[in-house]
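Before I ask anything, here is the structure I am working with.
The values are calculated or read from the model by the stated rules, or taken from the named source; none is laboratory data. This one's a predicted model, so the numbers in the text were calculated from it and none came from an experiment. We place every Cβ from the backbone using ideal geometry, glycine too, and count neighbours over all the protein chains shown. Just so you know, the surface numbers come from the protein's heavy atoms only, side chains and all, with ligands and any DNA or RNA stripped out. Shrake-Rupley method; radii C 1.70, N 1.55, O 1.52, S 1.80 Å.
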Protein chains: 2
Amino acid sequence: MRKPKIVILGAGYGGLMTATRLQKQIGVNEADIVLVNKNDYHYETTWLHEASAGTLHHDRVRYDIRDVIDRQKVEFVQGTVEEIKTEENRVILENGDIVYDYLVIALGGESETFGIKGLKEYAFSIVNVNAARQIREHIEYQFATYNTEAEKKDERLSIVVGGAGFTGIEFLGELANRIPELCREYDVDFHKVKVICVEAAPTVLPGFDPELVNYAVSYLEKKGIEFRIGTAIKEALPDGIIVAKGEDQVEEIKASTVVWAAGVRGNSIIEKSGIEAMRGRVKVQPDLRVPGHDNMFVVGDCSLIINEEINRPYPPTAQIAMQQGEVCARNIAALVRGKNELETFKFDNKGTVCSLGEDDAIGVAFGKKIVGAKASFMKKMIDNRALYMIGGASMVLKKGKFNIF
Amino acid sequence: MRKPKIVILGAGYGGLMTATRLQKQIGVNEADIVLVNKNDYHYETTWLHEASAGTLHHDRVRYDIRDVIDRQKVEFVQGTVEEIKTEENRVILENGDIVYDYLVIALGGESETFGIKGLKEYAFSIVNVNAARQIREHIEYQFATYNTEAEKKDERLSIVVGGAGFTGIEFLGELANRIPELCREYDVDFHKVKVICVEAAPTVLPGFDPELVNYAVSYLEKKGIEFRIGTAIKEALPDGIIVAKGEDQVEEIKASTVVWAAGVRGNSIIEKSGIEAMRGRVKVQPDLRVPGHDNMFVVGDCSLIINEEINRPYPPTAQIAMQQGEVCARNIAALVRGKNELETFKFDNKGTVCSLGEDDAIGVAFGKKIVGAKASFMKKMIDNRALYMIGGASMVLKKGKFNIF
């Protein structure tokens, strides 16, 4: 009898959790497991804002996939997925094809620009390691260039962050710490630097408790961050943005660096492959399978699960992706063993902490609001937990955050 | 009786040597000494190629001027010189005027582009701390950007160095060490990187012993540097250069980074002030004074002294500038004391060492040709000596190079 072949696309939180759980649950004689990923490393998406600001080196944010998979059990293929031929049970890679019996789509999200003109061309997005270090170097290059010009261009020292959601706020927290270092490094007057957060919604961190939001805003404002709330970006330009002002006026904000941190969508490979989705996110069944495709699972940012309490989708997070990976692995193991009763996924929200730089944060943990050093400590524990869940204690020791006191 | 006022323009090797010698030789009751400089720091011009390549931090290359002057005796004015009104004995600064009785022009050199089209706009020059860190960051940004682009632009990884003279070769030596680090940092294939040295003259390091030149070229070639000797740059473009090829053909070399290291001239302030000069360099009298101006001295890159042995000007170096500073200080002290017999400057060439990165070099010292570890050691001793001559032992301890074994 031919062994079934399980193919996992993507080595983010969801994909890697599925792979590391499957390698424990499935014997080498039961199935072949193949993990496909563009890079030979996994990166902590939730830490990319630190690499982007330059407060944490990108090598601290990634690790070799081969360090966490059991190579006796999981075959790793480095390749870029181009399309999934669902009719043929085949994945088309940039250089080669792979057929599967069971497929896990864990391709991660993409930046969503909502059709705003110029964003794709002129704004950066904190989407992966390559992008993060480019943002870091772009900002640094602006500071390095400032003093070389006879006519000083103050917009070189202006950074616009589009979006005051989770990523936007965490990035601002890191920037607030990084800017004084850049000023010292390049002999730049701190008061010339502007960091402006532009958010279309009427509040910072929509969905967060207002008391925590106030704490975050006043903390960041004290560090020099400027907030423009209820302000929509109309267009991005090579040297700034245009925002709406009042009913039908616009205003230009000059800035050599524009970082778009406002939108996440699913993966465009989903749509390209003809799988029904909303902005690249598949509304999965309770067992995490794609409706109508009994051998196809989706986990992570490409999946969409409704939070029944508020009748809105859960936001894509590392926490939900990892929980999905655990259920997905158990369900695939069941299918491989011929069982058809699959487990239902239920998100267990353990809380959320939004960092405000290295030594402050806000959040809810164990049902309690926390701020300051306690929240910052919790944030680092959450970061370390993600390492532990996938890579075990040794990965925590290698890449963990211990600057906790 | 009014005290005479000595004004020194520039705190490079020549100016700072003059100031530190004068403060020892002249009593507070004899004269006022004013030192004018654009920045509040002195930088080691001969180390800028290291800061430009990113192998040495620019803070290691500069020190606070107030750390080496005696503030009881020398007044420091931070300001940018715009013009010297020689008729009025007045220096016009960007914000203010200073009158003088004795003037020392030690304003340093500028990059000379010989009218080659596009060089001023598109090429970098290793001229000061601001420029050096911009070059470092520009190169780093190219590497950071490379992997973010779907269509890879290999010219981002190409660096053209215009000129195989002293600065060009020393910069290439540092780049050769820096490139592998950048490749690791940004996941770039070393074999995609190109560093090309383009030199119009028929040889590398004209004036150097051919045996030493061969050593340098084969050392750098082994590290991946490509030489295009006898090749003139016709034009610099935003993304490369055009060089002459044969009689009347041209060739384009694509490179996102072009560093022009081929020409040095005197300071344009000299010409702007109506002082007779050749490319900004004043042919000074044997006592270092400007012909026809009994109270004006020129030292360093703005002075021109003929080497009688070969009937050509001495190239501008830190060594000659510092020796001039010593003589200039003694001659001014003599004038202040009413003596009219001034000392004649005679350059005492102690040798020349050209570094090839951190751990190799070529040169002539004590009349002997040296290469390898010995030459590299000598180079660091020469660098330390410049610190010692101006700032004493404490400055050597602060900024010296001790990675000598």
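Pairs please, first residue from the stretch B:237-253 and without any contact (Cβ under 8 Å) to a residue 24 or more places away in the chain, second anywhere and not in a strand (DSSP E or B) and not polar (S, T, N, Q), Cβ atoms under 9 Å, 6+ apart in sequence or on different chains.
Here the result reads B:242/B:118; B:244/B:200; B:244/B:232, each pair linking the stretch B:237-253 to a residue that is not in a strand (DSSP E or B) and not polar (S, T, N, Q).
Does the stretch A:331-345 contain any residue that is surrounded by 21 or more Cβ atoms within 10 Å (Cβ to Cβ) and in contact with a Gly (Cβ under 9 Å, 6 or more places away or on another chain)?
Taking every residue of the stretch A:331-345 in turn, none turns out to be surrounded by 21 or more Cβ atoms within 10 Å (Cβ to Cβ) and in contact with a Gly (Cβ under 9 Å, 6 or more places away or on another chain).
Please state which one of A:50, A:30, A:44 is surrounded by fewer than 24 Cβ atoms within 10 Å (Cβ to Cβ), touching a residue at least 60 places away in the same chain (Cβ under 8 Å) and within 18 Å of the chain's Cα centre (by Cα).
One residue alone meets the criteria, A:44.
If a residue must be in a strand (DSSP E or B) and either under 15 Å from residue A:361 (Cβ atoms) or charged (D, E, K, R) (or both), how many such residues does the stretch A:211-248 contain?
5
Within the stretch B:271-293, take every residue that is open to solvent by less than 70 Å² (accessible area, probe 1.4 Å) and of a type in the set (Lys, Arg) and give me the one that is nearest to the chain's Cα centre (by Cα).
Among those residues, the one meeting the criterion is B:281.
Exactly one of (1) assigned to a loop (DSSP other than H, G, I, E, B); (2) modelled with pLDDT of 95 or more is unmet by residue A:206. Its number?
(2)
(1) in contact with a helix residue (DSSP H, G or I) (Cβ under 8 Å, 6 or more places away or on another chain); (2) part of a strand (DSSP E or B); (3) of a type in the set (A, V, I, L, M): which one isn't true of residue B:127, the others all being true?
(2)
Moving to a separate point now. If you scan the stretch A:172-188, which residues turn out to be surrounded by fewer than 20 Cβ atoms within 10 Å (Cβ to Cβ) and more than 14 Å from every other protein chain (Cβ to nearest Cβ)?
Scanning the stretch A:172-188 gives A:177, A:180.
Can you tell me which residues in the stretch B:231-270 are at positive phi and surrounded by 15 or more Cβ atoms within 10 Å (Cβ to Cβ)?
B:240
Working only within the stretch B:137-149, note down all residues that are open to solvent by 10 Å² or more (accessible area, probe 1.4 Å), within 7 Å of chain A (Cβ to nearest Cβ) and in a helix (DSSP H, G or I).
Hits for the stretch B:137-149 are B:138, B:140, B:141.
Just to be sure I understand, how many residues within the stretch A:120-136 are facing chain B (nearest Cβ under 9 Å) and among the small types (Gly, Ala, Ser)?
The qualifying residues number 1.
Continuing with the same structure: Taking residue B:194 and the conditions (1) over 26 Å from residue B:362 (Cα atoms); (2) of a type in the set (Lys, Arg); (3) open to solvent by 50 Å² or more (accessible area, probe 1.4 Å), which numbered condition does it fall short on, given that it satisfies the others?
It is condition (1) that residue B:194 fails.
Can you tell me which residue within the stretch A:359-405, out of those that are of a type outside the set (A, V, I, L, M, F, W, C), closer than 25 Å to residue A:205 by Cα and in contact with an Asp or Glu (Cβ under 8 Å, 6 or more places away or on another chain), is surrounded by the most Cβ atoms within 10 Å (Cβ to Cβ)?
Among those residues, the one meeting the criterion is A:376.
Looking at (1) touching a residue at least 24 places away in the same chain (Cβ under 8 Å); (2) within 14 Å of another protein chain (Cβ to nearest Cβ), which is the one condition that is false for residue B:200?
(2)
Continuing with this model, one more query. For residue B:69, only one of the following conditions fails: (1) within 20 Å of residue A:152 (Cβ to Cβ); (2) in contact with a Ser or Thr (Cβ under 9 Å, 6 or more places away or on another chain). What is its number?
If we test residue B:69 against (1) within 20 Å of residue A:152 (Cβ to Cβ); (2) in contact with a Ser or Thr (Cβ under 9 Å, 6 or more places away or on another chain), just (1) comes out false.
Please determine whether any residue of the stretch B:109-119 is out of contact with any helix residue (DSSP H, G or I) (no Cβ under 7 Å at 6 or more places or on another chain), more than 13 Å from chain A (Cβ to nearest Cβ), free of Cβ contacts under 8 Å to residues at least 40 places away in the same chain and within 30 Å of residue B:283 (Cβ to Cβ).
Scanning the stretch B:109-119 turns up at least one residue that is out of contact with any helix residue (DSSP H, G or I) (no Cβ under 7 Å at 6 or more places or on another chain), more than 13 Å from chain A (Cβ to nearest Cβ), free of Cβ contacts under 8 Å to residues at least 40 places away in the same chain and within 30 Å of residue B:283 (Cβ to Cβ).
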